[in-house]
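**Student:** My questions will all concern the structure given below.
The values are calculated or read from the model by the stated rules, or taken from the named source; none is laboratory data. Note that the structure is predicted; figures quoted are calculated from it, not measured. Because the Cβ atoms are built from the backbone with ideal geometry, glycine has one as well, and the counts that use them run over all protein chains shown.
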Amino acid sequence: MSVLAMTLPIPEGKLKALEDHIAEAKKRDDFEDTLRGFGLTHESWHVQSTPLGELLIMVFECDDPLSMLAEFSQSQKELPTWQRSVLKDLLGIDLSEPSPEPPSRVIFDWTDK
């Protein structure tokens, strides 16, 4: 499995709406099946406060995270479509378009064997 981390700034005043959104998304009947359908084995969202504001850190684990994001970006299923719309509204990121920035790169990874 591979891991991809994404960090996005959370605009001031949008954190509560973001928390409400993910709480609502997790209650959906199609939530877990949708994540599995994209090949995800793990996804987590973290909020980090910094002197420059709050950041959303999203972590995805699957066989091919970049392919998973590409599939998510084009999916016409209800949950991904809604998710893209909300994240565009709250964070200003259009996940239906390829990122102009390169993906994060790992500079340290350790696993106890």
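**Student:** Is it the case that some residue within the range 71-81 is surrounded by 16 or more Cβ atoms within 10 Å (Cβ to Cβ), among the small types (Gly, Ala, Ser), modelled with pLDDT of 95 or more and over 25 Å from Ala17 (Cβ atoms)?
**Tutor:** Taking the range 71-81 and keeping what is surrounded by 16 or more Cβ atoms within 10 Å (Cβ to Cβ), we get 72, 75, 79-80.
Then keep just the ones that are among the small types (Gly, Ala, Ser); that gives 75.
Okay, now just the ones that are also modelled with pLDDT of 95 or more, so 75.
Subsequent filtering for residues that are over 25 Å from Ala17 (Cβ atoms) retains none.
For the range 71-81, residues surrounded by 16 or more Cβ atoms within 10 Å (Cβ to Cβ), among the small types (Gly, Ala, Ser), modelled with pLDDT of 95 or more and over 25 Å from Ala17 (Cβ atoms): absent.
**Student:** Suppose we filter Thr41, Thr7, Thr50 for residues that are of a type outside the set (A, V, I, L, M, F, W, C) and under 13 Å from the mean Cα position of the chain (by Cα); which single one remains?
**Tutor:** Within the list Thr41, Thr7, Thr50, the selection yields Thr7.
**Student:** Evaluate the following for Leu18: is it under 18 Å from Ser2 (Cβ atoms), in contact (Cβ under 8 Å) with a residue 60 or more places away in the chain and under 13 Å from the mean Cα position of the chain (by Cα)?
**Tutor:** When the stated conditions are applied, Leu18 does not pass them.
**Student:** Can you pull out the residues in the range 2-37 that are closer than 17 Å to Ser73 by Cα, of a type in the set (Gly, Ala, Ser) and modelled with pLDDT under 95?
**Tutor:** none
**Student:** For the range 85-101, what are the residues that are farther than 18 Å from Leu55 by Cα and not acidic (Asp, Glu)?
**Tutor:** Answer for the range 85-101, where residues must be farther than 18 Å from Leu55 by Cα and not acidic (Asp, Glu): Ser85, Ser96, Pro98, Pro100.
**Student:** Could you list, in sequence order, the residues of the range 45-75 that are outside any helix (DSSP H, G or I), over 20 Å from Gly92 (Cα atoms) and free of Cβ contacts under 8 Å to residues at least 40 places away in the same chain?
**Tutor:** Within the range 45-75, Pro51 is the sole residue that qualifies.
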